[in-house]
Amino acid sequence: MKRTGRRYRNGRAEGHYDAIVIGSGIGGLCNAALLSKMGKRVCVLEQHYTAGGFTHSYEREGFEWDVGVHYIGEMNKPSMLKRLFDVISDGQLKWADMDPVYDRITVGERTVDFVAGKKNLADSLKAHFPDEADAIDAYIALVSKVAGSAQKFYAGKAMPRLAGKAFHAIRPLLVPKECFMTVREVLEGLTKNQELIGVLVGQWGDYGMVPSEASFMMHTSVVKHYFNGGSYPVGGSWKMADTIIPVIRAAGGEVFTYAKVKEILIEKGRATGVVMDNGDVLRADAIVSDAGASITFNSLLPEAERQRYGYAKHMQKVKPSAAHLCLYAGFKGTAKELGIPRTNFWIYPSADHEGNVARYQADKNAPFPMLYISFPSAKDPEWDANYPGKSTVEVLSFGPWEWFSKWDGTTWNQRGEEYETLKENFRLRLLDELYKQMPQLKDALVYAELSTPLSTAWFQMNAKGEIYGLDHDVQRFKQDWLHPVTPIKGLYLTGQDVVSGGVGGALVGGMMTTSAMLGKDALKVMKLLKEWRPTEATGSAVPG
């Protein structure tokens, strides 16, 4: 079992740190590593058995799967995200490119390849929709424009709280109007071709919302993120935490697992520490929550503080993101032998994404409204050396929490026959969908396990099994209280809910939180990124 972090026990942690980070998702690890680079001693507390949040990997029956890192963009060229990963891992985190066709979108009977490079993507789209060439060019240009405004859109997050609120008020004057529109509103202003729209939004599973509800700002962040293709961490997604933790330890900090926080300690209006599940009290000058807004403000913050600062009302204005099903399957044979590509498959029954979801929510036996198929063993160049003669596949779809909520609070792997029957039905259906795309895998199956939203809630403690933090509708991005600096002195928020969902969004959230914590010294973060150089030992390929 690939586990990162050190198991928490009474007496292992110091009595006081410069900062305590609750949760070890990539946002929390980024924040902790950047603070460590500035000489701070940081304690990261993770309730799971391994660090990394959705970036961890797990093993079963001799196979290994990632649980959330299916591909990352902007790692095959100099970029802010690439440099950020280099800094927080001391250049030890390496990346492997996927195939030039990083996503293959199937909508009904039509399959369109998303090819690395803006021109290549446009050409692929135009080959299928030659009469929509102008609309396609306008779309690519608009995505670039809106995504390019992200620095201004999120700039207030790196500012002190009051300055951030003031910036938030004038922000609509500084960014394109499309930042505050839904995906469908914007695209129907470019074309009336619903099939084309259905293809253009073919990555909506990456943020978990249908076009009529999702923010166009969120959509463009995803599309632009993959313009130059996708990459995968060499050695598997667990290498993220594995390469970042040494940076935290080098400054005298630690990342603890099995370290569940019961409550944030507030004394005289200031966050001064945390109370652990076993009753231990750990103290620090700053407390950072990477547990998400829902857990932080509904559970970890004492009730009196929630009421004092209006978080009960705030949380009514946002909602958790989608929950999912995931089939983890293992096969005998290498990726080459089985003809497995380094391309992701997105499969939709039709271009009516909203209707597909509505029909599925009304009837769990209806066609899956979205299927995402990923091939982690094919993406990792070290896989064959670590797992010779084996391959892995993951198949994801949505699984509304309501279907599983009756078992909420029950113990993992002990939920009874009715639950297991429901799981088995979905497991077999997802296998059938996989075999429709890759029939050669049917006779090579060795193992297949299904996770449900209850698995996510059990292992990640995510509200209603959500996977992307708060939902990415237009309303969510209008919340000025979703800021790294809370009104409680010494308490900060980081991760997906600070900026946006996904690994890239959470990573930037970690950087924004660090900048906001530093106040007038916020530019030290950018200076750190600018001045970092690879040493001979790191061998990083990022230009200096």
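None of the figures in this text is laboratory data; all of them are computed from the coordinates on show. Remember, it's a predicted structure, so these values are computed and weren't measured experimentally. Please note: Cβ atoms are built from the backbone with ideal geometry, for glycine as well, and neighbour counts cover all protein chains shown.
Can you tell me the Rg and the Dmax, both Å, for the Cα atoms in the range 99-228?
15.7, 52
Under a straight-distance cross-link criterion of Cα-Cα below 13 Å, which aspartates and glutamates are reachable from residue 177, leaving out those fewer than 8 residues away in the same chain?
Leaving aside aspartates and glutamates fewer than 8 places away in the same chain, those within reach of residue 177 are 185.
Which links in 379/527; 319/406; 224/442; 165/520 stretch past 25 Å when you go from one Cα to the other? Kindly include the intermediate steps, with their values, before the conclusion.
Values: 379/527 33 Å; 319/406 20 Å; 224/442 35 Å; 165/520 17 Å.
In this structure, 379/527; 224/442 exceed 25 Å between Cα atoms.
Determine the relative contact order of the chain: mean sequence separation of Cα pairs under 8 Å and six or more apart, normalised by residue count, in whole percent.
On the way: 1126 pairs, mean separation 129.4, N = 544.
Dividing the mean separation by the residue count of the chain yields 24 percent.
Which of 295, 335, 133 sits farthest toward the positive end of the charge dipole of the chain, with +1 on the Cβ of Lys and Arg and -1 on the Cβ of Asp and Glu?
Value: 295.
Check cross-link reach from residue 2 to the aspartates and glutamates: straight Cα distance under 14 Å, and skip same-chain residues fewer than eight apart.
59, 61, 64, 66, 242
Enumerate the residues in the range 382-419 having an amide nitrogen under 16 Å from the point lying 7 Å beyond the Cα of residue 260 toward its Cβ.
From the range 382-419, the list is 408-414.
With each label point set 7 Å from Cα along the Cα-Cβ vector, what nm distance links residue 194 and residue 478?
Those two pseudo-labels are separated by 2.8 nm.
What list of ³J(HN,Hα) couplings, whole Hz, do you get for the range 498-507 from phi and the Karplus terms 6.51, -1.76, 1.60, once you set θ to phi - 60° and write x for glycine and proline?
Taking θ as phi minus 60°, the curve returns 7, 10, 7, x, x, 4, x, x, 5, 4 Hz for the range 498-507.
Under 15 Å from the Cα of residue 145, which aspartates and glutamates turn up, not counting those fewer than eight places away in the same chain?
Cα-Cα hits under 15 Å: 137, 178.
Separation between the residue 163 and residue 14 pseudo-spin-labels, each 7 Å from Cα along Cα→Cβ, expressed in nm?
Spacing of the two 7 Å Cα→Cβ label points: 2.8 nm.
Count the DSSP beta bridges whose two residues both fall in the chain, then state the antiparallel fraction as a percent rounded to the nearest 5.
Details: 50 of 74 bridges.
Here the antiparallel bridges make up roughly 70 percent for the chain.
Determine, from the Cβ-Cβ distance of residue 442 and residue 520 and an R0 of 60 Å, the FRET efficiency 1/(1 + (r/R0)^6), rounded to the nearest 0.05.
Details: r = 62 Å, r/R0 = 1.03.
Efficiency, from the Cβ-Cβ distance: 0.45.
Once Lys and Arg get +1 and Asp and Glu get -1 on their Cβ, which of 243, 411, 528 lies farthest toward the positive end of the dipole of the chain?
Value: 528.
Residues in the range 71-88, backbone N under 18 Å from the label point at residue 531 (7 Å along the Cα-to-beta-carbon vector): list them, ranges by number please.
Under cut-off, by backbone N: 83-84, 86-88.
Based on the mean of other beta carbon atoms within 10 Å per residue, what is the order of 53-65, 426-438, 501-513, most packed first?
Details: 53-65: 20.3, 426-438: 17.1, 501-513: 27.6.
Result, highest mean Cβ count within 10 Å first: 501-513, 53-65, 426-438.
Determine one quarter of the surface area of the Cα convex hull of the range 242-286, which equals its mean projected area, and express it in nm² to one decimal.
Details: hull surface 15.3 nm².
For the Cα atoms of the range 242-286, the hull's average projected area reads 3.8 nm².
Given an 8 Å cut-off on Cα distances and at least 6 residues of separation, report the relative contact order of the range 1-87 as a percent.
Details: 93 pairs, mean separation 23.1, N = 87.
Relative contact order, the range 1-87: 26 percent.
Quick one: putting +1 on the C-beta of Lys and Arg, -1 on the C-beta of Asp and Glu, what dipole do you get for the chain around its Cα centre, in Debye to the nearest 20?
Details: 64 positive and 62 negative charges, 397 e Å.
Dipole size: approximately 1900 debye.
Amide H neighbours of residue 265 under 5 Å, at least 5 residues apart or on other chains, H built in the peptide plane: list them.
Under 5 Å from the amide H of residue 265 lie the amide H atoms of 272, 273, 274, 275, each far enough along the sequence or on another chain.
Which trypsin sites (Lys or Arg not before Pro) from the range 248-342 combine a DSSP loop assignment with at most 13 other Cβ atoms within 10 Å? Walk me through the numbers before you get to the answer.
Values: sites: 249, 260, 262, 268, 270, 283, 306, 308, 313, 317, 332, 336, 342; in loops: 260, 268, 342.
Passing sites in the range 248-342 are 268.
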